[in-house]
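Down below is the structure, laid out as structure tokens.
Values quoted throughout were computed directly from the atomic coordinates according to the rules given, and no laboratory measurement underlies them. Remember, predicted model here, so these are calculated numbers, not experimental data. Cβ placement follows ideal geometry from the backbone for every residue including glycine, while neighbour counts extend to all protein chains displayed.
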């Protein structure tokens, strides 16, 4: 299985992070855009050590729980997608996370690193199921996401209980790595340039 392959998957149950679990040829797939009980045609996003990530492209068999929310009869987001973004909206902007961040506090990287509060805001936008803007370039170059070394200090002090590190910063870092540091992605870009 490679990135871009299309698979027919039967969705079993929810997983952490708003995706659903499905199995194919012994591999576990985390599938976005589906709900339990559905059969979907999904496009593989990445595969690592027997685990894959995929995004639903077509719902082959709808679950009775899926009600279309658009005029064309399609479904746009799951409740789990909404709930994930809602967690970030609980922020009361007390900036305790910014105060305890050692990158800002000890190393004075204010010009290079936007800090956990603003990364949480970026995550709320980036992870919204209807948002199509790619912010990985800005996160990498202008906002310094690479400076965060996941000490979880920001999560520990959040009075609203937002899991800043695990639910906002790590998924953003994964998106940046997938987009800009994945060697397979680099090869595809090189071959696309040569073929043009």
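Can you tell me which of 85, 31, 44 moves the most in a GNM of the chain? Springs connect C-alpha atoms under 10 Å apart. Of 85, 31, 44, the Gaussian network model singles out 44 as fluctuating most.
Here segment 28-67 and segment 113-164 have alpha carbon centers that stand 26 Å from each other. The convex hull defined by the C-alpha atoms of the chain has an orientation-averaged projected area of 13.4 nm².
Across 144, 26, 18, mean-square fluctuation computed from a Gaussian network of the chain (C-alpha pairs under 10 Å connected) peaks at 26. Approximating the spin labels as points 7 Å out from Cα along Cα→Cβ, the residue 77-to-residue 90 distance works out to 1.8 nm.
For the chain, the longest principal axis of the alpha carbon atoms and the long axis of helix 183-195 meet at an angle near 70°.
If the segment from residue 8 to residue 60 were pulled out straight at 0.36 nm per residue, it would be longer than the present Cα-Cα gap by 17.9 nm. Fully extending the segment from residue 134 to residue 190, taken as 0.36 nm per residue of separation minus the present Cα-Cα distance, adds 18.1 nm.
Helices in the chain, meaning DSSP H runs of at least 4 residues, each add -39500 (n - 2.57). Divided by all residues, the mean residue ellipticity at 222 nm is -9500 deg cm²/dmol.
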